[in-house]
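Taking it in order: structure first as structure tokens, then the write-up.
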Amino acid sequence: MIRHFDAEPIFVDIEEDTFLISLQKCKETLERIGNKKLRAIIISHVAGQACDIEPFYDLAEHYNIKVIEDATMALGLTHNGLKIGSHHSFASIFSVVLDSANPVAQAGMLTTQDDELAAQAMLLRYHGVVSEKTTSTRPQYLYDVVGIGNKYNISYLDTALCLSQLKRIDYIIKKRQEIAKYYIHALQNAPHLVMPSAKSEHIFFHFIIKVDKNRDHFARELKECGIESALHFVPLHLLSYYKNKYKYKISDFPVSLKNYQQILSLPIYSAMQKEDIDYVCKQVLRLASERV
């Protein structure tokens, strides 16, 4: 999206244990480039863990730039007594995905206290089209296109399903946290594995572990047992578009690279039954103990 508007993204490395953006690396980057043409810092709440955002507000104020929160994995997350998205950020972006093994509906949302941004967002969501107000005496079938846009409006079916999800979000978070607690207790002593590091509020949108030996082979072994795992996430500087455009080296972001070689997400969703969780734990423990 940044490139869509002919702007340039500037990447910053992450913290090794939480996968959140490194405040120190962000400071170093801002000191190096200054605030010339700089517009915003994008903060991601990764895997459902809250980033300590207050220091980034201080940075943003110092450099006169905005803070945008990527909260696509943080719906319903509370940080310092406030729901994510109700802080002082310029905008927060959310994703609503049905909490199941195979989601059938999803929606995206943007929250902001900036009236101009809200108006532009509403304009963009449907081809930049505006129609006559109901108070107008002109025919209601008249409309105009006043800006660029796309068909971003949500379908009625997705709306209904995702609204039901929003009503259950506190229950979903509680169940995910219970499953994560169970996983951590059962797997914390497994050889070659490192459990998630929760240094702040965490709703476990993903349950990310580290495998210190041959992560890909471990994932294949899990799949042979009928357990689907996922990779979260491939560092952006390794993706072809950014690697080719910006001539990044594989070693430019060493912490991201190291994590990429080790991380793996285990299944977690609120409808998981105890026998499913026990089976995952049993197979993970067995495979971990067999590694040499």
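The values are calculated or read from the model by the stated rules, or taken from the named source; none is laboratory data. Remember, it's a predicted structure, so these values are computed and weren't measured experimentally. Positions of Cβ are backbone-derived with ideal geometry, glycine not excepted, and every protein chain shown enters the neighbour counts. Calculation scope for accessible area: heavy atoms of the full protein, side chains included, ligands and nucleic acids excluded. Shrake-Rupley method; radii C 1.70, N 1.55, O 1.52, S 1.80 Å.
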Legend entry - Accessible solvent surface per residue of segment 87-208, calculated while the other protein chains remain in place, 1.4 angstrom probe, Å²: 67 Å²
Inset, instruction - Quantify, in whole percent, the carbon and sulfur part of the accessible surface of the chain (1.4 Å probe; protein heavy atoms only). - result: 54 percent
Inset, instruction - Mind listing the long-range amide H neighbours of Ala74? Cut-off is under 5 Å, sequence gap 5 or more, other chains count too, H placed in the peptide plane at 1.01 Å from N. - result: Ser95
Inset, instruction - Please report, in Å, the Rg and the Dmax of segment 12-78, where both are computed over Cα atoms only. - result: 12.0, 36
Inset, instruction - Give the angle, between 0 and 90 degrees and rounded to the nearest 10, that separates the Cα long axis of helix 274-290 from the longest principal axis of the Cα atoms of the chain. - result: 60 degrees
Legend entry - Longest segment of the chain lacking trypsin sites (Lys or Arg not before Pro) that sit in a DSSP loop with at most 16 other Cβ atoms within 10 Å: 40-132
Inset, instruction - Mind pulling the angle between the C-alpha long axis of helix 115-124 and the longest principal axis of the chain? Nearest 10 degrees, somewhere in 0 to 90. - result: 80 degrees
Inset, instruction - First select every other residue whose beta carbon is under 10 angstrom from the beta carbon of Ile43; then total the charges, Lys and Arg +1, Asp and Glu -1. - result: -3
Inset, instruction - Looking at the chain, send over the antiparallel percent of its DSSP beta bridges, to the nearest 5. - result: 70 percent
Legend entry - Within straight-line cross-link reach of Lys258, lysines at Cα separation under 28 Å, skipping those fewer than 8 residues along the same chain: Lys25, Lys27, Lys181, Lys199, Lys210, Lys213, Lys223, Lys243, Lys245, Lys247, Lys249, Lys282
Legend entry - Förster radius 30 Å - calculated FRET efficiency between Leu157 and Ala271, Cβ distance, rounded to 0.05: 0.90
Legend entry - Accessible area of Val129 in the full protein assembly, 1.4 Å probe (Å², nearest 10): 50 Å²
Legend entry - Residue-averaged [θ]222 nm for the chain, counting only DSSP H segments that reach four residues, each worth -39500 (n - 2.57): -11000 deg cm²/dmol
Legend entry - Angle in degrees between helix 54-63 and the longest Cα principal axis of the chain, rounded to the nearest 10: 50 degrees
Inset, instruction - Can you send over the solvent-accessible area of Leu23, 1.4 Å probe, protein chains only, in Å² to the nearest 10? - result: 40 Å²
Legend entry - Residue list for segment 15-34, given a label point 7 angstrom along the Cα-to-Cβ vector of Asn64 and an amide N cut-off under 16 Å: 34
